[in-house]
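The values are calculated or read from the model by the stated rules, or taken from the named source; none is laboratory data. Everything quoted here is computed from the prediction, not taken from an experiment. Positions of Cβ are generated from backbone atoms using ideal geometry, with glycine treated the same way; all protein chains shown enter the neighbour counts.
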Amino acid sequence: MADQARVSAEQRAVLADSTTRTVDLHKRTRIGESIIQTTLFICGFVSIFTTIGIVYVLFQESFSFFADPAVTLVEFFTNTVWQPQISQFGVLPLVNATLVTSLIAMFVAVPLGLGTAIYLSEYASDRARAILKPVVELLAGIPTVVYGFFALTFVTPILRGIFGRDVVSVYNMLSAGLVVGVLITPVIATLSEDALSAVPRSLRQASFGLGATKWETAIKIVVPAALSGILAGSIVAMSRAVGETMVVAMAAGASPNFTWNVFEPAETMTGHIARISGGDLSYGSIDYRSIFAIGLVLFFITLALNIASRQVIRRFREVYE
C-alpha cells in the first residue's frame, strides 16, 4: 500500500509539473523551408514586377503618342483609316480585323474542342483517353509559324478552289481565322475535359438510373454542370486568338482595311505590330509610339476577357454549388 501511495504521489507530481510547464508552440526555424519560401516569394515578385513594368511602358509610350498634335483620342477610336504616313491614326480597321478573325476561330474551335472534350470524358476508354488527349494537346506545341504556312499554302488554295480565285484573295481573314481556330482547339478541349471530368459520378449514375442514354446524360446533365469551366475555357481561348500573331501576320495580309468581307485581306493589331516593329522605324517617332498605343488597346481587350472569365466562373459556380 505504501508503494502504491508513493507511485500515485509521484504521478500526481508529474501531472502537476506538466500542467504548470509552459508549452512552446512556436515552430522551429527550418533552413530548407525558409529558402523555399524566399524563392517562391521572389518568383511571385518578379512576375508582378514584370507585369507592372509592361503596363508602365505601354502607358508611358502611349501617352507620348496621344500627346502629339497630329493624334486625338476621338480620331484614334472612330477613324476607319490607319495610314501613319499621312497622319491617319484610326485603330478601328486593326480592331475589326482582330475581332473578325477571332470570331471565325471561335466558330471553329468551340464545336471541335467541346466535342473532343465530351468524347474524352464520356465515351473514350482509359486507354483511348491516355493516347488521344496528349495527341490533341500536341497541336498547341506546334510553332505558330508552321500554322501560318499551313494557312497560306494549304487552306487558302482550298478556299480559292471552292469560292473562286476572283472572290478569295491570296491573303484573307477567313483562312487565318480557320487556322487560328485549329490552333486554339486544344485550349478549349483540355479545359472543358477537365471541367467535365470534375462532375461527380453520382449525377451520371442518377441519370442512367432514370433511363437516360449516354448522350442525353452528357448533354443535359454533365455539360450544364460543367458550364462554368467550359465557358471560362472558351473565353481563355478567345483571349489566345486575339493575341495570336504569326498566323494572322502571314495569312490575313498586311493591309489595314476596314472590311467585313472575310475573303479580303486585312491586318490585325498583332500582325501590324509585328510588321511595323521589324521595319526601319526611328526611335521616338510617331510611328514607333503608335505600336504601344495599339498594344495598350490589345492589353485592355485581353484584360476584359480575363475579367469576364473570372466573372463567369464565379456566377455559374454559385448556381451549381
**Message:** Of the conditions (1) surrounded by 13 or more Cβ atoms within 10 Å (Cβ to Cβ); (2) at pLDDT below 85, ALA128 satisfies every one except a single condition; which number is it?
**Reply:** (1)
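Residue-by-condition table, conditions (1) surrounded by fewer than 15 Cβ atoms within 10 Å (Cβ to Cβ); (2) out of contact with any Ser or Thr (no Cβ under 8 Å at 6 or more places or on another chain):
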residue: VAL187; (1), (2): no, yes
residue: GLN205; (1), (2): yes, yes
residue: ALA212; (1), (2): no, yes
residue: GLU216; (1), (2): yes, no
residue: GLY229; (1), (2): no, no
residue: GLY243; (1), (2): no, no
residue: VAL248; (1), (2): no, no
residue: THR270; (1), (2): no, no
residue: SER277; (1), (2): yes, yes
**Request:** Search the range 145-168 for residues that are among the hydroxyl-bearing types (Ser, Thr, Tyr) and pair each with any residue that is surrounded by 19 or more Cβ atoms within 10 Å (Cβ to Cβ) and in a helix (DSSP H, G or I) when their beta-carbon atoms are under 6 Å apart and the residues are at least 6 apart or on different chains.
**Result:** TYR147/VAL179; TYR147/LEU183; TYR147/VAL247; THR156/SER175
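Hey, among ALA293, ALA225, ALA218, ALA254, which residue is more than 22 Å from ILE184 (Cα to Cα), in contact with a Lys or Arg (Cβ under 6 Å, 6 or more places away or on another chain) and in contact (Cβ under 8 Å) with a residue 40 or more places away in the chain?
ALA254
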**Request:** Please enumerate the residues belonging to the range 28-57 that are modelled with pLDDT under 85 and not β-branched (Val, Ile, Thr).
**Result:** ARG28, ARG30, GLY32, GLU33, SER34
**Which numbered condition PHE77 fails, given (1) modelled with pLDDT of 85 or more; (2) outside any helix (DSSP H, G or I)** = (2)
**Request:** Tell me, yes or no, whether the range 48-56 has at least one residue that is polar (S, T, N, Q), part of a helix (DSSP H, G or I) and surrounded by fewer than 16 Cβ atoms within 10 Å (Cβ to Cβ).
**Result:** yes
